[in-house]
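These notes concern the structure reproduced below.
Bear in mind that the values in this text are calculations on the coordinates, not laboratory data. Treat the numbers as computed from the prediction; the structure is a model and nothing was measured. Note that each Cβ is placed from the backbone with ideal geometry, even for glycine, and that neighbours are counted across all protein chains shown.
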Amino acid sequence: MLTTKQKEKLIKSFQDHEKDTGSASVQVAVVTEEIERLALHLKKHPKDNHSRRGLLKMVAKRKNLLDYLSKNDEKKYNTLIRKLGLKK
């Protein structure tokens with residue numbers, strides 16, 4: 001779980017304008033950070049199936065958001081995945 005300060009820092013680094021807190025790029029960044037944290041947890045606790053299910057739901061949500069971005073704004077999509085280190 002991200003703290004409020006960590007989430008604010010992520011939002012500031014990925015927002016499009018000053019009041020942007022919910023755009024697809026911001027949501028992808030926040031979900032990616034949560035996925036990374038949960039993956040570390042699951043390496044320590046491999047039998048935690050409840051958390052594994054949550055991880056799979058987050059990965060699916062991120063995929064849907066990235067698909068949306070790639071269809072609507074390919075330039076923003078490419079910069080986002082490069083910045084997050086997801087592909088390419």
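Counted by Cβ distance under 12 Å from LEU66, the other residues give a net charge of +3, where Lys and Arg count +1 and Asp and Glu count -1. By the rule of a C-alpha distance below 16 Å, with chain neighbours fewer than 8 residues away ignored, the aspartates and glutamates paired with LYS7 are ASP16, GLU18, ASP20, GLU33, GLU34, GLU36. Relative contact order, whole percent, for the chain stands at 25, derived from Cα pairs under 8 Å and 6 or more residues apart. Would you work out which of ASN64, HIS45, ALA29 lies farthest towards the positive end of the dipole of the chain? Charges go on Cβ: Lys and Arg +1, Asp and Glu -1. Highest projection toward the positive end goes to HIS45.
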